[in-house]
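Q: A single structure is presented below for examination.
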Amino acid sequence: MPKNLLLALVLFFTVLSSMGQERLWTKQTSVSAVIAFEKEINPSPKFLSQNVSLAKDYYPLSDKYECANPVIIQREPVGYLPLYAEYFFTPVDSILRLISYDWEKDRYGNFFDKQKMWAEESKKFEVYDKEYERIKKTLLSQLGEATASDMKAKEVSSGGGKYLARETVWDTNELKATLSMVFASSTYRIRLKLYWKK
């Protein structure tokens, strides 16, 4: 087989295998490297400005690393849901400490204006479950075998109500990553939370 043809086939299958997958950042670097990464995906990224505080139960190292407001970028959907990327960093050294990727419709929209959207989303469990599997597959290729993983959604009771949820966890010496899905009456979201332990 000619070398050029072989190279073309390798490139074709690489592009084919990456279709339908988000590009996700999983390295601890400076925040400027992450912004450059987002500009590779979209030369004119949609930056959002939000005040976001980190509770200790969400980010266990929040007392050790005080983070600035995150760099937030809204991406167009690869599958069904748009992606909101939040990159938290320490302002003193600009080092990335925590990433939150949220696949969610109208994440920062007005809570009171979302009733109609939630009514529509409540009928789409299979769509969310399929999105979860697609994202999980991408993460398995980047982070390796998971420490724990739900094979299917489970029913969770909370505050008198019930909702469906899934979770996959990667826990190593360097980082902890949790991919979760919440399918509830006012929350329809898939989230990857990833932080480094040092």
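The values are calculated or read from the model by the stated rules, or taken from the named source; none is laboratory data. Since this is a predicted model, take the numbers as computed values, not measurements. Don't worry about glycine lacking a Cβ; one is built from the backbone with ideal geometry, like all the others, and counts go over all protein chains shown.
Q: Scan segment 48-96 residue by residue and report those that are under 24 Å from residue 129 (Cβ atoms) and more than 17 Å from the chain's Cα centre (by Cα).
A: none
Q: Also, I was wondering about something else. Would you mind stating whether residue 130 is out of contact with any helix residue (DSSP H, G or I) (no Cβ under 8 Å at 6 or more places or on another chain), touching a residue at least 40 places away in the same chain (Cβ under 8 Å), basic (Lys, Arg) and surrounded by fewer than 16 Cβ atoms within 10 Å (Cβ to Cβ)? Step through it out loud before you land on a result.
A: Details: out of contact with any helix residue (DSSP H, G or I) (no Cβ under 8 Å at 6 or more places or on another chain): yes; touching a residue at least 40 places away in the same chain (Cβ under 8 Å): yes; basic (Lys, Arg): yes; surrounded by fewer than 16 Cβ atoms within 10 Å (Cβ to Cβ): yes.
Answer is yes for this residue.
Q: Exactly one condition in (1) at pLDDT 95 or above; (2) over 30 Å from residue 43 (Cβ atoms) is false for residue 112; which is it?
A: (1)
Q: Considering only segment 18-73, how many residues are exposed (fewer than 12 other Cβ atoms within 10 Å of the Cβ) and part of a strand (DSSP E or B)?
A: Qualifying residue count, segment 18-73: 1.
Q: Does segment 133-143 include one or more residues that are at pLDDT 95 or above and touching a Lys or Arg at 6+ places or on another chain (Cβ under 8 Å)?
A: No.
Q: Further, regarding this structure: Would you check which residues across segment 155-173 are modelled with pLDDT of 95 or more, among the charged types (D, E, K, R) and touching a strand residue (DSSP E or B) at 6+ places or on another chain (Cβ under 6 Å) and list them?
A: 155, 166, 167
So that you can scan it fast, the table gives a plain yes or no per residue for (1) at pLDDT 95 or above; (2) not polar (S, T, N, Q):
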{"residue": "4", "(1), (2)": "no, no"}
{"residue": "12", "(1), (2)": "no, yes"}
{"residue": "26", "(1), (2)": "yes, no"}
{"residue": "33", "(1), (2)": "yes, yes"}
{"residue": "40", "(1), (2)": "yes, yes"}
{"residue": "47", "(1), (2)": "yes, yes"}
{"residue": "61", "(1), (2)": "yes, yes"}
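Q: Going through 140, 98, 83 one at a time, which residue ends up being over 15 Å from residue 178 (Cα atoms) and surrounded by 15 or more Cβ atoms within 10 Å (Cβ to Cβ)?
A: Details: 140 fails: over 15 Å from residue 178 (Cα atoms); 98 fails: over 15 Å from residue 178 (Cα atoms).
Selected residue: 83, the only one of 140, 98, 83 that is over 15 Å from residue 178 (Cα atoms) and surrounded by 15 or more Cβ atoms within 10 Å (Cβ to Cβ).
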